[in-house]
Amino acid sequence: MVKCYFCGCEESPMRGVHLITNLGAIEYYCSSKCRKNALKLKRDKRKLKWTVAYRETKSRIAASHAHIAAAKAAEEASARSVKKGKDAQK
């Protein structure tokens, strides 16, 4: 199975287009849609919703937001326990 250079889907090696660059790198495109978006239109695969790179980027961002939210919740919980401790001492 070969992975598309642009969208990340896996296809059999007999389908699609194999592009060999002057540097010797082989880029595989599963469809003309992927080939045109990458080469002709020069689009960023991380900004198109139908690509695997977009979904991976969004999941990383969501994970970092979840980590930040968990840290804030822990900080608020510790602040509440400190405040309750001060109220109990009075």
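The values are calculated or read from the model by the stated rules, or taken from the named source; none is laboratory data. Quantities reported herein were computed from a predicted structural model and do not represent experimental measurements. Don't worry about glycine lacking a Cβ; one is built from the backbone with ideal geometry, like all the others, and counts go over all protein chains shown.
A compact table of results
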item: Selection within region 29-39 - among the hydrophobic types (A, V, I, L, M, F, W, C) and assigned to a loop (DSSP other than H, G, I, E, B); result: Cys30
item: Qualifying position, being polar (S, T, N, Q), closer than 24 Å to Thr57 by Cβ and not assigned by TED's automatic domain parsing to the domain that holds Thr57, among Asn22, Asn37; result: Asn37
item: Hits in region 40-56 - residues which are modelled with pLDDT of 95 or more, exposed (fewer than 10 other Cβ atoms within 10 Å of the Cβ) and not in a helix (DSSP H, G or I); result: Leu41, Lys42
item: Filtered residues of region 11-28 (kept if surrounded by 10 or more Cβ atoms within 10 Å (Cβ to Cβ) and either of a type outside the set (D, E, K, R) or in a strand (DSSP E or B) (or both)); result: Glu11, Gly16, Val17, His18, Leu19, Ile26, Glu27, Tyr28
